[in-house]
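A.B. asks: Dumping the structure here so I can ask a few things about it.
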Protein chains: 4
Amino acid sequence: MHCPDKQGIVTTVTKFLAENNGNVLYIDQHVDSDGHQFFMRVEWDLEKFSIPQEKISDYFDTLIAKKYGAKFNIYFTEKRPRMAIFVSKMSHCLYDMLARYSAGEWNVEIPLIISNHADLEHVAKQFDIPYHVLPVTAANKAEQEAKAQQLLKENSVDFVVLARYMQVLSEDFIKQYPNKVINIHHSFLPAFAGAKPYHASFERGVKIIGATSHYVTADLDAGPIIEQDVVRVTHKDTIKDLVQKGRDLEKIVLSRAVYAHLQRKVLVYQNKTIIFS
Amino acid sequence: MHCPDKQGIVTTVTKFLAENNGNVLYIDQHVDSDGHQFFMRVEWDLEKFSIPQEKISDYFDTLIAKKYGAKFNIYFTEKRPRMAIFVSKMSHCLYDMLARYSAGEWNVEIPLIISNHADLEHVAKQFDIPYHVLPVTAANKAEQEAKAQQLLKENSVDFVVLARYMQVLSEDFIKQYPNKVINIHHSFLPAFAGAKPYHASFERGVKIIGATSHYVTADLDAGPIIEQDVVRVTHKDTIKDLVQKGRDLEKIVLSRAVYAHLQRKVLVYQNKTIIFS
Amino acid sequence: MHCPDKQGIVTTVTKFLAENNGNVLYIDQHVDSDGHQFFMRVEWDLEKFSIPQEKISDYFDTLIAKKYGAKFNIYFTEKRPRMAIFVSKMSHCLYDMLARYSAGEWNVEIPLIISNHADLEHVAKQFDIPYHVLPVTAANKAEQEAKAQQLLKENSVDFVVLARYMQVLSEDFIKQYPNKVINIHHSFLPAFAGAKPYHASFERGVKIIGATSHYVTADLDAGPIIEQDVVRVTHKDTIKDLVQKGRDLEKIVLSRAVYAHLQRKVLVYQNKTIIFS
Amino acid sequence: MHCPDKQGIVTTVTKFLAENNGNVLYIDQHVDSDGHQFFMRVEWDLEKFSIPQEKISDYFDTLIAKKYGAKFNIYFTEKRPRMAIFVSKMSHCLYDMLARYSAGEWNVEIPLIISNHADLEHVAKQFDIPYHVLPVTAANKAEQEAKAQQLLKENSVDFVVLARYMQVLSEDFIKQYPNKVINIHHSFLPAFAGAKPYHASFERGVKIIGATSHYVTADLDAGPIIEQDVVRVTHKDTIKDLVQKGRDLEKIVLSRAVYAHLQRKVLVYQNKTIIFS
């Protein structure tokens, strides 16, 4: 939840939970002192909670949110989010996520993988996940996106991960999934936004390269940043070396971002993220 | 030295040294395979070297450099480089360098400090170094730079360190000191070039901030990068926190760059640096 | 404050503050789920607070702490902590702290520096801080420690920083300052505890070296860790290189630990630290 | 190659290659000044090299190595090394390596996977690699190791990777594969050697955890370190959190070590590694 900062919000919320036998398992809050905004994430045990699951949202809205002008989301741990993966030709991010999925590291369902190329179909087969090839050209882009959206709906997909998907999604598509499309960009944004960041990094002679995972917005490579990390490079590293070192960064950074999202620990406010602890 | 890459350069140079009783103490080379350029740094012992010190450059030029089309510099360890420091109002980088100087960590002379403000005069006094105040305005900039250049000449300064000096030096000034003016920029360049990088980092919501030390060129914040480093930040960090975390980065990154320069381990080629090991 | 974890503590404390017009400026809590312990740090504005400053501790104890079995400390921002620095011969940590002190980065008083050697007296003089030389031998150790303790008392010292002080303090001394003596150890503890960690790191061939700042306890190098950091090394680094790279680590890690302590953000529980955000 | 340090080695080797039309593609050397040892790695093009491939070792030995007392190994790029993977129940390191293998990142053959448990057989099947289950008990250990060795021989295995294999190999086994068994230990060695390092890290309250990849020697967790890396943790991290953060470290550190080994860039000398650039 978030709302304008005001005395007593924490007390109000924790009292509400305590009075209804909701044992608090987790609480983390953040106050943006300059923006006068309050942010909080609370987890509580439903077992003895006296408000029925389907009415919690209504009660919380009426008794608390409206009074504080708060926006909030309620998620239930038992409900596994459903995630679609978009890929092109590179397998490293895809493998990293499927390995976690397969090992049970992540509480997620992956009902489908969508690609503009057939190259990674064998990977999808290894993990027994349906793989849909939707080749994109300038001419058929709108049509193929419509098909993709249809597939996402049929599969009740909650959010989308672009795992080095080399196509730019249309504004229309992105609007359907606000803060629900996670991308990995292979640079330390805002440095080297756009195409070929490793080539640009090499040209500029930087001593460190990075990767950035962010929610996709209409403004290319400018969405809210979820996670970033970096690795040292030297004058000895060729572009090929940067690409290789970058692969390890990309997959770890993307997976960290997806994991934070899966845990409902990311809150977007004014194009920035609060990442709860 | 650097030159177009060609078979046998290493052999030629090491033979030249061996035949003249120059015991090699250090050798590091780099080949830019795409650009077909060869780079090398060699250190040898002069004690039994049969070519007199003052003639080495001439002999090396005639016997080796001309044949390979090589550019080279020869430095003698016994000659301590003379460094001027330019500051404005912040003392952290200045103190960090003077502490190293005072402790004998660096083989350097610091004959003077120049500033556009009087604020740090007490620091210069603590270390007994002459401090010259040259306040810069739009009107007197050329004049004050001329005075600064005069001071640098009088003090036989070899290179200049801008330790959070908040003025942009004129192109004319920079041309006098090619690859001899080291700046610290408080961002991970090329991200957040220009003014107020911490404010811009905060606005963009990055999860990592950086600092970059580079040689100053006519193109602002675009000179050859010598050293960079980063530190993690979170949504909890205010601009003030970024400034504070950044201070530690700035001073360490700048001092590493200056140290590499002092050891003659930085070679600039096409706006990038080779940093020898 | 910390106490056994129980429902409603946060509510009780925030209500207590709200009811007495104490505007909460900062709140961070931590629950150790396995150990069933609750930890919290709260900052509030005293301006309109209805309980007089000198009675806050008594009221808090009676109305809250006793009920929850809580231990707590109350600090007032207006009271600057008084810190003594112990050094031997190396100046890097000392300079780093005095530079911050001099620049006003830290809210602290430094009434004296104590050393077993005269080597760094000139540094103390640069910053106009009394410097006491107490040379320690096996024979006079107890006596010199008594003198040091006398000096600390005369100067109302709140805590002590060992800035590469090469003597082991006696158990008796340490007991006088529980969780109030901060040391910097030049390794990534618990690796390379004891003497000559850089030599041991070199022998073992590690690829990363570290530094650790911790509270000193009777058990050498085993006290609660406040902060650690690391830097990469390679087979090319000699022991001298490790010492040099380590110096920068040591000073930054120690200063971060001291800063956290100064902000009253470190809470020790069962030989571990909670570092509030 | 490595040998006692002596003037002219580089010249001798590069001349030998040049005179026989061996175009040098890569050269990196290291001098251990204290130990007076010289280390070098050279790559050259065989296309026009005048010495036949099968005689190179003999010629190099006679013409160079014997004169300098050098030890050396010669590897041919065209020969793909054959690697066996040992696993127990955790899949993260295994998946990471197989994903690289499958994507063609590594120049390697993986003819078999050996495990003391059947748990990861499905992973081997996904990648179509034979999986041998050899359950180890105190009673049958020698027998099962003999079977494993037999399998390694039958499959002409060059080196072994222990990807979180939870058994200690016998000294006899290890002697068969000197500097050819790569292990990943889930701590920053030498800290937390032995069992349960994450539990020990948690108990000690460290602020950073690490992972170490090393060659296995008879002395447990004390073999030559190839690669290490670390990640920050806080008081909020439970043992479960450490295990999870550690997984990502382990797989990246192990894969970096295996990659360095595959590129023949690791040279072991006196229980330490030289990692060529």
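A.B. asks: I need to check one value: relative contact order of chain B, counting alpha carbon pairs closer than 8 Å and at least 6 residues apart, in percent.
C.D. replies: Relative contact order of chain B: 14 percent.
A.B. asks: Okay, moving on. Within the set of other residues whose C-beta is less than 10 Å from the C-beta of A:His132, count the net charge using Lys and Arg as +1 and Asp and Glu as -1.
C.D. replies: Surrounding charge for A:His132 is 0.
A.B. asks: How far apart, in nanometres, would the label points at C:Lys272 and A:Lys89 be if each is projected 7 angstrom from Cα along the Cα-to-Cβ direction?
C.D. replies: Label-label distance for C:Lys272 and A:Lys89, simple model: 4.9 nm.
A.B. asks: Quick check on the protein assembly as shown: helices-only [θ] at 222 nm, where DSSP H runs of length 4 and up contribute -39,500 (n - 2.57) each and the sum goes over total residues. Nearest 500, please.
C.D. replies: It comes out at -9500 deg cm²/dmol, rounded to the nearest 500.
A.B. asks: For chain D, what is the largest minus smallest coordinate of the Cα atoms on each principal axis, given in angstrom and ordered from greatest to least?
C.D. replies: Reported extents, whole Å, longest axis first: 61, 41, 37.
A.B. asks: Given R₀ = 56 Å, what would the calculated FRET efficiency be for B:Glu78 paired with A:Ala195, taking r from the Cβ atoms and rounding to 0.05?
C.D. replies: So the FRET efficiency works out to roughly 0.65.
A.B. asks: I would also like to ask the following. Can you list the HN-Hα couplings for the stretch A:204-212, worked out from phi with the Karplus curve (6.51, -1.76, 1.60; θ = phi - 60°), rounded to whole Hz and with x for Gly and Pro?
C.D. replies: Working through the residues one at a time gives 6, x, 5, 9, 9, 10, x, 9, 9 Hz.
A.B. asks: Using Cα atoms only, what is the angle between the long axis of helix A:239-262 and the major principal axis of chain A, expressed in degrees (0 to 90) to the nearest 10?
C.D. replies: 20 degrees
A.B. asks: Using 1/(1 + (r/R0)^6) with R0 = 60 angstrom and r between the beta carbons of A:Gln7 and C:Thr238, what's the FRET efficiency to the nearest 0.05?
C.D. replies: It comes out at approximately 0.50.
A.B. asks: Something else now. Can you tally the net charge around D:Val216? Count Lys and Arg as +1, Asp and Glu as -1, for every other residue whose Cβ sits under 14 Å from the Cβ of D:Val216.
C.D. replies: Surrounding charge for D:Val216 is -2.
A.B. asks: In nm, what does the list of distances from B:Asn21 to its counterparts in the other copies look like, shortest first, when each label sits 7 Å along Cα to Cβ?
C.D. replies: Label-point distances to the other copies, shortest first: 4.1, 9.0, 9.7 nm.
A.B. asks: What is the sum of charges around D:Glu121, taking Lys and Arg as +1, Asp and Glu as -1, for the other residues whose C-beta is under 14 Å from the C-beta of D:Glu121?
C.D. replies: Cβ neighbours under 14 Å give a net charge of 0.
A.B. asks: Using the structure shown, list the pairs from A:Lys71/B:Lys236; A:Lys196/A:Lys251; C:Lys207/C:Lys265 with a Cα-Cα distance above 23 Å, or answer none.
C.D. replies: In this structure, C:Lys207/C:Lys265 exceed 23 Å between Cα atoms.
A.B. asks: Computed FRET efficiency, Cβ-Cβ of B:Asp128 and B:Glu154, R0 22 Å: what is it to the nearest 0.05?
C.D. replies: With R0 = 22 Å, the Cβ-Cβ based efficiency is 0.75.
A.B. asks: How tilted is helix A:141-154 with respect to the longest principal axis of chain A? Cα atoms for both, answer in degrees (0 to 90, nearest 10).
C.D. replies: Between helix and principal axis, roughly 40 degrees.
A.B. asks: If you put a point 7 Å past Cα along the Cβ direction, how far is that point for C:Ser33 from the same point in each other copy, in nm, smallest first?
C.D. replies: 3.1, 5.0, 5.4
A.B. asks: For helix D:9-19, report the angle its Cα long axis makes with the longest principal axis of the Cα atoms of chain D; keep it between 0 and 90° and round to the nearest 10°.
C.D. replies: So the inclination is approximately 70 degrees.
A.B. asks: Mind ordering A:175-187, B:15-27 by average Cβ neighbours within 10 Å, highest first?
C.D. replies: Averaged packing, sorted descending, gives the order A:175-187, B:15-27.
A.B. asks: Work out the length of the dipole vector of the stretch B:1-109 about its Cα centre, built from +1 on the beta-carbon of each Lys and Arg and -1 on the beta-carbon of each Asp and Glu, and round it to the nearest 20 debye.
C.D. replies: Roughly 240 debye, rounded to the nearest 20.
A.B. asks: Another question, if that's okay. Going down the table (A:Lys240/B:Lys15; D:Lys180/D:Lys272; B:Lys89/B:Lys240; B:Lys147/B:Lys180), which pairs top 23 Å between alpha carbons?
C.D. replies: Flagged as over cut-off: A:Lys240/B:Lys15.
A.B. asks: In chain B, which residue puts its Cβ closest to the axis that turns chain B onto chain C, and how many whole Å away is it?
C.D. replies: Residue with the nearest Cβ, plus whole-Å distance, for chain B: B:Gln126, 2.
A.B. asks: At B:Glu54 and D:Glu19, where each label point lies 7 Å from the Cα along Cα→Cβ, what is the point-to-point distance in nanometres?
C.D. replies: If labels sit at B:Glu54 and D:Glu19, their model points lie 4.0 nm apart.
A.B. asks: Then there is this: Under 1.5 on a/c is rounded, so check that first for the stretch D:2-68, then, if it is not, pick prolate when a/b is larger than b/c and oblate when it is not; a ≥ b ≥ c are the square roots of the alpha carbon gyration tensor eigenvalues.
C.D. replies: Cα axes put the stretch D:2-68 in the prolate bin.
A.B. asks: Next question, about the same structure. How far apart are the C:Thr62 label points across copies, placing each 7 Å from Cα toward Cβ, in nm, shortest first?
C.D. replies: 4.2, 9.8, 10.1
A.B. asks: Now a separate question. Under the definition of partner shielding as Cβ atoms of other protein chains within 10 Å of a residue Cβ, what is the mean value for peptide A:1-12?
C.D. replies: 3
A.B. asks: I've got another one for you. Mind listing which GluC sites (Glu not before Pro) in the stretch D:38-103 are in a DSSP loop and have 15 or fewer other Cβ atoms within 10 Å?
C.D. replies: Here the sparse-neighbourhood loop sites are D:Glu47, D:Glu78.
Coordinate-derived values only; no laboratory data. On a predicted model such as this, the values are computed, not experimentally measured, just so you know. Because the Cβ atoms are built from the backbone with ideal geometry, glycine has one as well, and the counts that use them run over all protein chains shown.
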